[in-house]
Amino acid sequence: MSVPALTTTAAALAGVRPVAPRAPMKDYADVWLPITLGTLAVIALLLALLWWGWRGRRRRQAGVPAPAPVPPEVLEREPAERSEGMFVGTVSGQDRLDRVAVHDLGIRSDAVVEVHTAEDRPGLLVLRPHVAPLFVPAAHLVEAGLSAGIAGKFTEPGGLVAWGWRLGDADLTSAFRPRRPEDRARLLAALQTIIDRAAPVRAGQEDAR
């Protein structure tokens, strides 16, 4: 290589700054592993507490009897009113947060609610997937109205159709959110009709207690 070429190369290299060696990337495994394990432990603890609470609730509510099977003729009849929506669940009495955990009464799910007005079998029918149908005879219905929510779902004022009813000696309240808002008034009117008609029967049951 000629002297001028060497001179040019040396001059070019003289303008290049040396690059410092990169530090090795830090291994964060010792940091993230405890965080991950701690998070999983907290989630497991919360799930265990929920399960424990649900089991305790079922134990406390062991005295609530199972609903009677739905009369076959009710399933075959056309209802006076019918609405699709969500069955929110059931609570004890007027305590909107005391969810009933027995007999699938507190399970929230899609549902169809029917009001039957036939003289021999008036009542309210709740149909849910993977759960036995629930039929509340009109004589067991105590009241009906609109509600903003119970344990399981809270909505705008009047967003739920709620009904108070008796199951054995237990006072319960269940609620349903119709998919179509216009169904609320129709369901409520139909429920009130069968409740009023059954008032004499209900009064006789109260006197017999």
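The values are calculated or read from the model by the stated rules, or taken from the named source; none is laboratory data. Quantities reported herein were computed from a predicted structural model and do not represent experimental measurements. Glycine also receives a Cβ, built like all others from the backbone with ideal geometry; neighbour counts cover every protein chain displayed.
Looking only at the range 65-90, count every residue that is in contact with a Gly (Cβ under 8 Å, 6 or more places away or on another chain) and either buried (at least 19 other Cβ atoms within 10 Å of the Cβ) or of a type in the set (G, A, S) (or both) and tell me the total.
4
How many residues are part of a strand (DSSP E or B) and touching a residue at least 40 places away in the same chain (Cβ under 8 Å) if we restrict to the range 166-206?
Here the count works out to 10.
Here is a list: L127, L187, L141. Which entry is farther than 21 Å from A68 by Cα and modelled with pLDDT of 95 or more?
Only one candidate passes the filter, namely L187.
Which residues, taken from the range 76-88, are of a type outside the set (D, E, K, R) and modelled with pLDDT under 95?
Passing the criteria: none in range.
Residues of the range 91-108 being at pLDDT below 90, out of contact with any Lys or Arg (no Cβ under 8 Å at 6 or more places or on another chain) and either surrounded by 19 or more Cβ atoms within 10 Å (Cβ to Cβ) or not basic (K, R) (or both), which ones?
G93, Q94, D95, L97, D98
Looking only at residues that are small (G, A, S) and farther than 17 Å from V64 by Cβ in the range 153-174, which one is surrounded by the most Cβ atoms within 10 Å (Cβ to Cβ)?
If we take residues in the range 153-174 being small (G, A, S) and farther than 17 Å from V64 by Cβ, then A162 is surrounded by the most Cβ atoms within 10 Å (Cβ to Cβ).
Just to be sure before I move on: is A111 of a type in the set (A, V, I, L, M) and surrounded by fewer than 17 Cβ atoms within 10 Å (Cβ to Cβ) in the structure I sent?
no
Mind counting the residues in the range 100-159 that are charged (D, E, K, R) and outside any strand (DSSP E or B)?
6
Given the criteria touching a residue at least 12 places away in the same chain (Cβ under 8 Å), touching a helix residue (DSSP H, G or I) at 6+ places or on another chain (Cβ under 6 Å) and not in a helix (DSSP H, G or I), does V88 qualify?
It is false that V88 is touching a residue at least 12 places away in the same chain (Cβ under 8 Å), touching a helix residue (DSSP H, G or I) at 6+ places or on another chain (Cβ under 6 Å) and not in a helix (DSSP H, G or I).
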